[in-house]
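The values are calculated or read from the model by the stated rules, or taken from the named source; none is laboratory data. Model, not experiment: these values are computed from the prediction. When we count neighbours, we look across all protein chains shown, and the Cβ atoms used for this are built from the backbone with ideal geometry, even at glycine.
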Amino acid sequence: MSESWPKVPLKYLVSKIGSGKTPKGGAEVYTSSGVMLLRSQNVHFDGLRLDDVVHIDEGMDDNMASTRVQPDDVLLNITGASIGRCTVVPSAFDAANVNQHVCIIRPNAERLMPAFLNLVLQAPTTQNEIRFGENGSSREGLNFEQVGAFEIPLPSIPQQRACIERAQASVQHVEQLIAEKNRLLNLMIEKRSALVANAVTRGLNTDTAMRESGIEWLGAIPTHWQTENTRWLFQEIDDRSEDGSEELLTVSHLTGVTKRSEKDVNMFLAESNEG
């Protein structure tokens, strides 16, 4: 941001700074459909995440008319661990309200573009001010007076638009680099799987003569290898506890078979382990 740009307290650049409220009754009044109620967990730097969004009925929405969001509002989390997270409400967006943990900031579009304000709020200097304040101690929350006092650099609208376009281009470039890295990682995983599969189905000597295994999914195998039904390769052991004093084990798809005493397992225990 240019040092030559004037800085103006946010309260002079907006028509609204305010938060919502949590309906009386809390989660018990949420419905499976109706008007969305946006909470702090729905507000992220990369946009709104609505996978776990809750709803309220139209009657509750009428009682919360002052907390309704509008397209191009900037939403800012003002309490809790996610304090400072912010995003812009999309231009095409269904009706929604916010609870008391989310602040609605409605910029005066003739002076301040919502996307530019969002960039300013996401800047490290602003994030530090939001989270720690002037005395450097961690903040638990922001009030509207503090939000309105944020000094916002104010270039002209064309300059704001140029900043937005440059930021979007940079983000797109980074996302492309991430996508390319993920593509390479996936190729490496596929190559690793292919090497392992080749080693256990073809052997380590690439010059070994091959023959058809007669098994469709397996294909050709080294000529000196045999095939066998798995039932001839394993044996069943039925060795039961006599008095229940043996070490109790637990099974996990992550860690395999381990001692139950080493794990935090929340399951019902049998009255006795005998047998």
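Values computed for the structure shown
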{"read-out": "Of the criteria (1) over 13 Å from residue 95 (Cα atoms); (2) more than 19 Å from the chain's Cα centre (by Cα); (3) exposed (fewer than 11 other Cβ atoms within 10 Å of the Cβ), which one residue 52 fails", "value": "(2)"}
{"read-out": "Qualifying residue in the stretch 45-52 (condition: within 18 Å of residue 100 (Cα to Cα) and touching a Lys or Arg at 6+ places or on another chain (Cβ under 6 Å))", "value": "no"}
{"read-out": "Matching residues in the stretch 11-21 - criterion: being of a type in the set (A, V, I, L, M) and either more than 29 Å from the chain's Cα centre (by Cα) or exposed (fewer than 14 other Cβ atoms within 10 Å of the Cβ) (or both)", "value": "13, 14"}
{"read-out": "Matching residues in the stretch 224-253 - criterion: being within 24 Å of residue 199 (Cα to Cα) and surrounded by fewer than 10 Cβ atoms within 10 Å (Cβ to Cβ)", "value": "224, 226, 227, 228, 229, 230, 231, 232, 233, 234"}
{"read-out": "One residue from 240, 231, 211 being part of a loop (DSSP other than H, G, I, E, B) and among the basic types (Lys, Arg)", "value": "240"}
{"read-out": "Options 46, 73; residue that is surrounded by 12 or more Cβ atoms within 10 Å (Cβ to Cβ) and within 24 Å of residue 142 (Cα to Cα)", "value": "73"}
{"read-out": "Qualifying residue in the stretch 47-67 (condition: of a type outside the set (D, E, K, R), in the same structural domain as residue 148 (by TED's automatic domain parsing), part of a strand (DSSP E or B) and within 26 Å of residue 13 (Cα to Cα))", "value": "yes"}
